[in-house]
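J.: Here's a structure for you.
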Amino acid sequence: MSVERYLNHPTFGMLYRVCPVPSGEEIYATLYAQRMFFRVTSQPQGTSFEAMPFSDARHHAEQNLLRMRRNQSPELPLWKKLFDQTFI
């Protein structure tokens with residue numbers, strides 16, 4: 001089981017998934033700079049990228065961890081490790 005997912009941004013290059021958002025969107029960060037975060041929405045017409053602040057991305061990642069704990073997800077340790085690598 002892996003939570004890793006990557007996406008190519010047309011300007012900033014490779015992005016990695018930080019966490020899913022309940023609304024069907026996902027939060028991604030730049031792979032190399034790791035301080036640029038994007039809310040990514042995938043639709044049949046294409047993928048849209050919306051830049052977002054560090055604090056908002058961290059909030060969404062914390063909410064994801066809380067959901068995983070509540071649901072007793074077996075993926076929790078993987079998400080926790082990704083959170084620590086990204087935000088701590």
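J.: Ranking request for peptides 13-24, 66-77: highest mean number of other beta-carbon atoms within 10 Å first, then the rest in descending order.
T.: 13-24, 66-77
J.: Translational D (Stokes-Einstein, µm²/s) of the chain at 37 °C and 0.692 mPa s when Rh comes from the Kirkwood sum over C-alpha pairs?
T.: 249
J.: Which percent of the accessible heavy-atom area of the chain goes to carbon and sulfur, probe 1.4 angstrom?
T.: Here it works out to 52 percent.
J.: Charges only on Cβ, +1 for Lys and Arg, -1 for Asp and Glu: so what's the dipole of the chain about the Cα centre, in debye to the nearest 20?
T.: 220
J.: Just to confirm, what accessible area per residue do you get for the chain at 1.4 Å probe, in whole Å²?
T.: With the other protein chains kept in place, the chain gives 63 Å² per residue.
J.: Turning to a different aspect of this structure: Quick query: amide H of residue 37 versus all other amide H atoms, modeled in the peptide plane; which residues come in under 5 Å with a sequence gap of 5 or more or a different chain?
T.: It is 52, by chain and number.
The values are calculated or read from the model by the stated rules, or taken from the named source; none is laboratory data. Since the model is a prediction, treat every value here as computed from it, not as a measurement. Neighbour counts run over all protein chains shown; Cβ positions are idealised from the backbone, glycine included. Please note that ligands, DNA and RNA were not included when accessible areas were found on the heavy atoms of the full protein model with its side chains. Shrake-Rupley method; radii C 1.70, N 1.55, O 1.52, S 1.80 Å.
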